[in-house]
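K.L.:
Here it is, the structure, as structure tokens.
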Amino acid sequence: DLRKAMSQAGTSQFQEVIRQELEYSMKVELDKILATAPSNELAHTKKDLEGFKKLFHRFLQEKGPSVDWEKIQRPPEDSIQPYEKIKARGLPDNIASVLNKLVVVKLNGGLGTSMGCKGPKSLIGVRNENTFLDLTVQQIEHLNKSYNTDVPLVLMNSFNTDEDTKKILQKYSLSRVKIYTFNQSRYPRINKETLLPIAKDVSYSGENTECWYPPGHGDIYASFYNSGLLDNLIAEGKEYIFVSNIDNLGATVDLYILNHLMNPPNGKRCEFVMEVTNKTRADVKGGTLTQYENKLRLVEIAQVPKAHVDEFKSVSKFKIFNTNNLWIALSAIKRLQEKNAIDMEIIVNPKTLDGGLNIIQLETAVGAAIKSFENSLGINVPRSRFLPVKTTSDLLLVMSNLYSLNAGSLTMSEKREFPTVPLVKLGSSFTKVQDYLRRFESIPDLLELDHLTVSGDVTFGKNVSLKGTVIIIANHGDRIDIPAGAVLENKIVSGNLRILDH
């Protein structure tokens, strides 16, 4: 046993030496990069690289999955409240004064590349020529006009989206919404083999575009604080931010949740509220809220030991998942940021660059900080508050007659008999937005659709109606044209169906 203990001590000493060497090598490389920064970018770059260094240090310290599965418990009953209970409290007469304490923050760091678009994802048209950003501005403007309030919009951009977003913001100069932006950090990607940065200087254009990345939305706390915007908003009397992904069209300001935050029934305010919703089979990989060491904690699939992944995905054991709609107290962010006390697990995101180089990105997720805040709460909200548009399959749903658009908000049509959203899977011929648009002469009627699968070279004529389960498969080399006015109900269409005009 003594020999075993000595050998373990030797191993850990050896590992510690390697760790120190890696940190030293990283420091040397980062100093070289910093030395290439022009004077007007020096302070900003230094802050970014300091933040990265901290993250890298933690990455080297951590081993294996970051949760002990045995310690995971179901959250206590009262720690996740049903939305109906919060709504039942009604609204106070002074809801405008409550609204004036709110800031809406949208995570706007992502590009539209997964949908074949250049530039920020928020500038993709989603409904009646409106982009994600248009709809967001319309929603907040409607609030400000209806209640005579001043709810500002804050966009967290990344170095990928900042320039294009700022150009477009001029078109809202006359709208009744103050819009602010700040940038999340820019971190260097790491060579998977050497664990050193692949960037040689600070530039991020041309050949260097692949050397840098925005480190996930968990970066919001440090970047918001460092930008000075957090202090300015607190000085203006703002108390809470409502944070959500800009591509979640269900994430509108909810007055009942806001009232619950500002006027809690027990008199004790929450510093952090996470909206969760019931899992369906499509959401089994979503992060879930658990009780861990007497605190609410978000557990993501990447943190789960391999042996327990199936258990984690179980819809019966873990019934809810995080929508990433979060309500957070500004004063708490400031306090925790100043104490360097926001603890978020590191997400190691491996990627292969176009040239074949394997790299890793170290990221964090905004919701993971829930355990650092006092008096946190989950609210189980209706599914309608989670309407993300990640693919053209999602785009088909939000463009269709399933939804009506009113003041920037989408609501499910009353003509739909059940409130669930159809399951839509469009094949690879539809991945890019321009290809997708070319294949639909008009968006089909989906009011009675349960499930749609389309694969291969398929086009849709005008005024097509899809009901029940519809599967359309064009074999390789074949093409299927669904004729104008066709009604497909519980149909499988395959082979080579071409309808030609005479």
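K.L.:
Leaving out ligands and nucleic acids, and using a 1.4 Å probe, what accessible area per residue does segment 392-494 come to in Å²?
P.N.:
Here the per-residue accessible area is 49 Å².
K.L.:
Let me ask something additional. Given Cα positions, please report Rg to Rh for segment 81-197, the hydrodynamic radius being the Kirkwood one.
P.N.:
1.10
K.L.:
Roughly how many Å is it from the Cα centre of segment 176-238 to that of segment 385-441, as a whole number?
P.N.:
Each part reduced to its Cα centre gives a spacing of 31 Å.
K.L.:
With runs of 4+ DSSP H residues as the only contributors, calculate the mean residue ellipticity of the chain at 222 nm using -39,500 (n - 2.57) per run, divided by the residue total and rounded to the nearest 500.
P.N.:
Rounded to the nearest 500, it is -8500 deg cm²/dmol.
K.L.:
Output the 0 to 90 degree angle, nearest 10, between the alpha-carbon long axis of helix 42-61 and the longest principal axis computed from the alpha carbons of the chain.
P.N.:
Computed tilt is about 80 degrees.
K.L.:
Ordering Lys334, Lys32 by accessible area with a probe of 1.4 Å, largest first, what comes out?
P.N.:
Of Lys334, Lys32, the descending order of accessible area is Lys32, Lys334.
K.L.:
If you count only protein heavy atoms and use a 1.4 Å probe, how large is the accessible surface of His451, to the nearest 10 Å²?
P.N.:
50
K.L.:
Continuing with this model, one more query. If r is the Cβ-Cβ distance from Lys334 to Lys171 and R0 is 41 Å, what FRET efficiency results, to the nearest 0.05?
P.N.:
0.80
K.L.:
Let me ask something else about it. Between the DSSP loop rule and a limit of at most 10 other Cβ atoms within 10 Å, which trypsin sites (Lys or Arg not before Pro) in segment 107-180 are left?
P.N.:
In loop regions of segment 107-180 (DSSP not H, G, I, E or B), the sparsely surrounded trypsin sites (Lys or Arg not before Pro) are Lys118.
K.L.:
Follow-up. Taking all protein chains in place and a 1.4 Å probe, what share, in percent, of the accessible surface of the chain do carbon and sulfur account for?
P.N.:
Accessible surface attributable to carbon and sulfur in the chain totals 50 percent.
K.L.:
May I pose another question? Take the alpha carbon gyration tensor of segment 247-307, find the square roots of its eigenvalues, order them as a ≥ b ≥ c, and report rounded if a/c is under 1.5; if not, report prolate when a/b exceeds b/c, else oblate.
P.N.:
Because a/c hits 1.5 or more and a/b fails to exceed b/c, segment 247-307 counts as oblate.
K.L.:
For helix 2-35, what angle does its Cα long axis make with the longest principal axis of the chain, in degrees from 0 to 90 and rounded to 10?
P.N.:
Once rounded, one gets 70 degrees.
K.L.:
Which percent, nearest 5, of DSSP beta bridges in segment 392-494 are antiparallel?
P.N.:
In segment 392-494, DSSP labels about 15 percent of beta bridges as antiparallel.
K.L.:
Rounded to the nearest whole Å², what accessible area per residue is found for segment 69-385 with the 1.4 Å probe?
P.N.:
The answer is 43 Å² per residue.
K.L.:
By accessible area of protein heavy atoms, probe 1.4 Å, what ranking do Ser12, Ser376 get, highest first?
P.N.:
Ranked list, largest accessible area first: Ser12, Ser376.
K.L.:
Let me ask you something else. State whether segment 221-375 is rounded, prolate or oblate according to the following rule on the C-alpha gyration tensor (a ≥ b ≥ c being the square roots of its eigenvalues): a/c under 1.5 gives rounded; otherwise a/b larger than b/c gives prolate, and the remaining case gives oblate.
P.N.:
oblate
K.L.:
If packing is taken as the average number of other Cβ atoms within 10 Å across a peptide's residues, how do 270-283, 231-244 rank, most packed first?
P.N.:
In descending order of packing, they fall as 270-283, 231-244.
K.L.:
Relative contact order (percent) for segment 367-426, with alpha-carbon contacts under 8 angstrom and 6 or more residues of separation?
P.N.:
25
K.L.:
Say the cut-off is 27 Å between C-alpha atoms; which of Lys319/Lys390; Lys145/Lys268; Lys53/Lys171 go over it?
P.N.:
Lys145/Lys268; Lys53/Lys171
K.L.:
Using DSSP, restrict attention to beta bridges with both residues in the chain and report what percent are antiparallel, rounded to the nearest 5.
P.N.:
45
K.L.:
Give, rounded to the nearest 20 debye, the magnitude of the charge dipole that segment 392-494 has about its Cα centre when Lys and Arg contribute +1 at Cβ and Asp and Glu contribute -1 at Cβ.
P.N.:
Approximately 160 debye in magnitude.
K.L.:
Shape verdict for segment 337-466, please, from the Cα gyration tensor: rounded (a/c under 1.5), prolate (a/b greater than b/c) or oblate.
P.N.:
oblate
K.L.:
Here is a follow-up. Using Cα-Cα distances under 8 Å and only pairs 6 or more residues apart, what relative contact order does segment 392-494 have, in percent?
P.N.:
It comes to 22 percent, rounded to a whole number.
K.L.:
While we're here: Just flag the GluC sites (Glu not before Pro) in segment 191-227 sitting in loop per DSSP whose Cβ has no more than 11 other Cβ atoms within 10 Å.
P.N.:
Sparse-neighbourhood loop GluC sites (Glu not before Pro): Glu193.
K.L.:
How about segment 400-502: which trypsin sites (Lys or Arg not before Pro) there lie in a loop by DSSP and see at most 14 other Cβ atoms within 10 Å?
P.N.:
In loop regions of segment 400-502 (DSSP not H, G, I, E or B), the sparsely surrounded trypsin sites (Lys or Arg not before Pro) are Lys415, Lys462, Arg498.
K.L.:
Sticking with this one: Could you state how much accessible area Ser223 has, in square angstrom rounded to the nearest 10, with a 1.4 Å probe and all protein chains kept in place?
P.N.:
Result for Ser223: roughly 10 Å² accessible.
K.L.:
Here's something else I'd like to know. Would you kindly compute the Cα radius of gyration of segment 392-494 and its largest Cα-Cα separation (Dmax), both in Å?
P.N.:
13.3, 44
K.L.:
Now for a separate question. Relative contact order (percent) for segment 69-385, with alpha-carbon contacts under 8 angstrom and 6 or more residues of separation?
P.N.:
Worked out over segment 69-385, it gives 24 percent.
K.L.:
How much solvent-accessible surface does Leu261 expose, in Å² to the nearest 10, with a 1.4 Å probe and all protein chains in place?
P.N.:
0
The values are calculated or read from the model by the stated rules, or taken from the named source; none is laboratory data. Since the model is a prediction, treat every value here as computed from it, not as a measurement. Cβ sites come from the backbone with ideal geometry, for glycine too, and all protein chains shown count toward neighbours. When the accessible area is computed, the model is the full protein with side chains, heavy atoms only, and any ligands, DNA or RNA have been set aside. Shrake-Rupley method; radii C 1.70, N 1.55, O 1.52, S 1.80 Å.
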